C-alpha cells in the first residue's frame, strides 16, 4: 500500500469546492414508479426514449457489480472509456501546471486528452522488451504529476506488464495509477480489480467495446475507491450514458455464456493465426499477445499495408510509434476473415 497517498492533495481545488449540477432525476430518483412526471421539461408523448435516462445507471451498475463483485459506489460509467479518461484528467490536473505520465508505445488518447486540457504529458518509453521502466517513471514524477497511465495488456504491443513492476509503481507513485484494462478479458492474467481495496491510488478502466462486442454503444467503466468516484461524479455530465446504451448493455450482459463462446473463439483463432503468421516470409517477429490482436514486424510495413488494402483487408500500420518500426497490427477476425487474410498473405509472399 502507498502510505504517502493523499487524495485531497491531488484533486483540483475548484473541483473539490464544486457543487455539482443537480438534475431533475437527482431530486426525484424513483422515476421508474408509475407517476406523472412534470419535473424535467420532457416531451410527455411516449416514444420509448422521451424520458431522461437514469443519471446514475443504477440498474446497469447492479448487473456489472454483481458480475465483477464490485460495489456500485466503486463505479463510474462513461460514454466510452475515453470519457472516463477525460473526466480523470479534468478532476485532477490543473491546466498549464500539472502533468501526467504515459508509457509509449501506448494508447494514443492519453496524450490527446492531456493536450486538449493543456496538461503536460511526460513520456517515459517502455524498455526494449516492452516493460515499464520503473526507475525512470519515478525519477520523472513530482508533486505536480497527478496521473500515471498504464495500458495493461498494452496497446499496440499486446503484452501484459510484469506484476512486480506494476506493484512497485502502485507502492511508490504518489499520484493516481490508472490501469487501462480494455483487453483484460482476453488475458489469462488476473485483473487488478481484485486488488482495488489494497491500493487507494488505483483506478481501473475497462470497456464493453472489445471482448463484449459492444463498441457501437460506447460504454466505459471506471473502478476506484468510493472517495475517487465521488470526485469524478461531481464533474461527469448528468445524463452521460443514454437510455439505449443502458438497456442494450443490460440485455447483452444477461447472456454471459454467449459472450464466453465469442471470446473463446477469438482466442482459438488467434492461436491458429499466430502459427500461420510465423511461416510468412516477410513477417520477421510476432509479439506474444494477451489481447485480440497480434503486432507483427514486417519487412516493409507501408508496402504490406497498401497491398492488403488493395486486397480488401484493413489492418493497422503502427510504424509511427516508438519501438514499433515496420509493424502491422492484425485484429483477430472471424474464421472466414482470418482465412481470407492468410490466403492473401500467401499470395503476397509468392
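Before moving on, here are some points about what is shown:
- Among the residues of the stretch 255-278, those identified as farther than 18 Å from residue 339 by Cβ and free of Cβ contacts under 8 Å to residues at least 24 places away in the same chain are 255, 257, 258, 260, 261, 264.
- Any chance residue 158 is closer than 30 Å to residue 246 by Cβ, part of a loop (DSSP other than H, G, I, E, B) and in contact (Cβ under 8 Å) with a residue 24 or more places away in the chain: no
- Of the candidates 259, 303, 244, 273, the single residue that is buried (at least 19 other Cβ atoms within 10 Å of the Cβ) and either assigned to a helix (DSSP H, G or I) or under 19 Å from the mean Cα position of the chain (by Cα) (or both) is 273.
- Looking only at residues of the stretch 8-21 that are part of a loop (DSSP other than H, G, I, E, B) and without any contact (Cβ under 8 Å) to a residue 12 or more places away in the chain, we find that the one that is surrounded by the fewest Cβ atoms within 10 Å (Cβ to Cβ) is 19.
- Condition met for residue 91 (in contact with a strand residue (DSSP E or B) (Cβ under 8 Å, 6 or more places away or on another chain), in the same structural domain as residue 231 (by TED's automatic domain parsing), within 29 Å of residue 234 (Cα to Cα) and not in a strand (DSSP E or B)): no
- Check on residue 178, in the same structural domain as residue 55 (by TED's automatic domain parsing), assigned to a helix (DSSP H, G or I) and surrounded by 15 or more Cβ atoms within 10 Å (Cβ to Cβ): no
- Selection within the stretch 184-208 - touching a strand residue (DSSP E or B) at 6+ places or on another chain (Cβ under 8 Å), buried (at least 19 other Cβ atoms within 10 Å of the Cβ) and part of a loop (DSSP other than H, G, I, E, B): 199, 201, 208
- Here the stretch 79-97 is the region considered, the condition is being touching a residue at least 60 places away in the same chain (Cβ under 8 Å), more than 15 Å from the chain's Cα centre (by Cα) and closer than 24 Å to residue 134 by Cα, and the residue that is surrounded by the fewest Cβ atoms within 10 Å (Cβ to Cβ) is 92.
- Pairing each residue of the stretch 322-350 that is farther than 15 Å from residue 277 by Cβ with any residue that is assigned to a helix (DSSP H, G or I), provided the two are 6+ apart or on different chains, yields C-beta distances under 7 Å for 335/269.
The values are calculated or read from the model by the stated rules, or taken from the named source; none is laboratory data. Remember, it's a predicted structure, so these values are computed and weren't measured experimentally. Neighbour counts run over all protein chains shown; Cβ positions are idealised from the backbone, glycine included.
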